[in-house]
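What follows is a single structure, written as structure tokens, with notes after it.
The values are calculated or read from the model by the stated rules, or taken from the named source; none is laboratory data. Note that the coordinates shown come from a computational prediction; the quantities given were computed from them, not determined experimentally. Using ideal geometry, Cβ is built from the backbone for each residue, glycine included, and neighbour counts are taken over all protein chains shown.
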Amino acid sequence: MLPLPGTGVWWGLLGVLAFSFTVPFTRHAVEGGLSPLFVGCGRAVVAAGLAGVALAATRQRVPTRRQWARLAVVAGGVVAGFPVLTSFALTSASASHSAVVIALLPAATAVMAVVRGHERPPTAFWVLAGCGAAAAVAFASLQGAGLGGLHWSDVLLFGAVLAAAVGYAEGGLLARELGAWQTVSWALVLASPAMTVGAVAAAVHQPPTAGASEWAAFGYLAAVSMYLGFFAWYHGLAIGPMTRVSQVQLVQPVLTITWAALLLGEQLTWSTVLGGAAVVACAGAAVRVRLDGGRPARSAVRRR
């Protein structure tokens, strides 16, 4: 059983639910006439437009010079790195296969939380986190998405995991100072010039020829995966502890493969259901470990 409401875990779960559609929708978009560079950059451009309107309408305080430098890390990880790398990887890798590698993200995020947030989870947490990562990889691999030999798409996905882990940890810390939605909004605005250049270049090189469903998938990636989902995710990380909240991502490959089966026709069996239950159990055990000294003071989380 997961912790009671009132912790960052439930906000984290809401963010994970939003993110769980990202891989299948990206796969659908790049298969349907949108280039991977356009998908990776274009969704950030649309999200930056939404962010700019929200920041201007609420007259948010401009970040300090030091905060801008940290926002650049967030932008490099979750605005540019993860979306672009996964978009290119999904031109050849299936959504289910991609879930195998992305299943390592909770452990990577926990490591980054220790490095940047100076959290000190006990040995029991690392044991359970390792079991959860192994269970998630095994679960996804058994769905016909085995790792097999290392392919170029896997290298891109490993890079995406590292980029996201860094961006999540830094963003979670910044959210305690700027607020959750403000952090992702400023990161999107900061990255928007480069993302606009990339999207325009991609559109000129390969004009979009997608249908309505592909554009709908792109719209979700821009509005939810790239923007609204981070409202909940960064708020959960800010409440923390980040090492604990990061483990709810273990349910993401379960959800991703389920959506891939329902939306893309990829295989879904009873082993998927049973394996998914095991992964969720590992996640529940990890987030219930007592993390002494890992949770920030309630006053440290800025409320907006």
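Here's the yes/no breakdown for (1) hydroxyl-bearing (S, T, Y); (2) more than 20 Å from A51 (Cα to Cα):
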residue	(1), (2)
V155	no, yes
A164	no, no
L173	no, no
T183	yes, no
S192	yes, no
A201	no, yes
A216	no, no
A223	no, no
M226	no, no
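Test T183 against the criterion of being over 25 Å from V111 (Cβ atoms) and either surrounded by fewer than 24 Cβ atoms within 10 Å (Cβ to Cβ) or at pLDDT 90 or above (or both), and give yes or no. No; evaluated as a whole, the condition is false for this residue. Of V114, V84, which residue is at pLDDT below 80, surrounded by fewer than 24 Cβ atoms within 10 Å (Cβ to Cβ), within 21 Å of the chain's Cα centre (by Cα) and assigned to a helix (DSSP H, G or I)? On inspection, the qualifying residue turns out to be V114.
Taken as a whole, the condition of being part of a helix (DSSP H, G or I), polar (S, T, N, Q), more than 27 Å from Q182 (Cβ to Cβ) and at pLDDT below 85 applies to T258.
Are any residues in segment 198-214 free of Cβ contacts under 8 Å to residues at least 24 places away in the same chain and either among the β-branched types (V, I, T) or under 17 Å from P83 (Cα atoms) (or both), and if so, which ones? Show your work before the answer.
Restricting attention to segment 198-214, the residues satisfying the condition of being free of Cβ contacts under 8 Å to residues at least 24 places away in the same chain are 200, 204, 207, 212.
Scanning segment 198-214 gives V200, V204.
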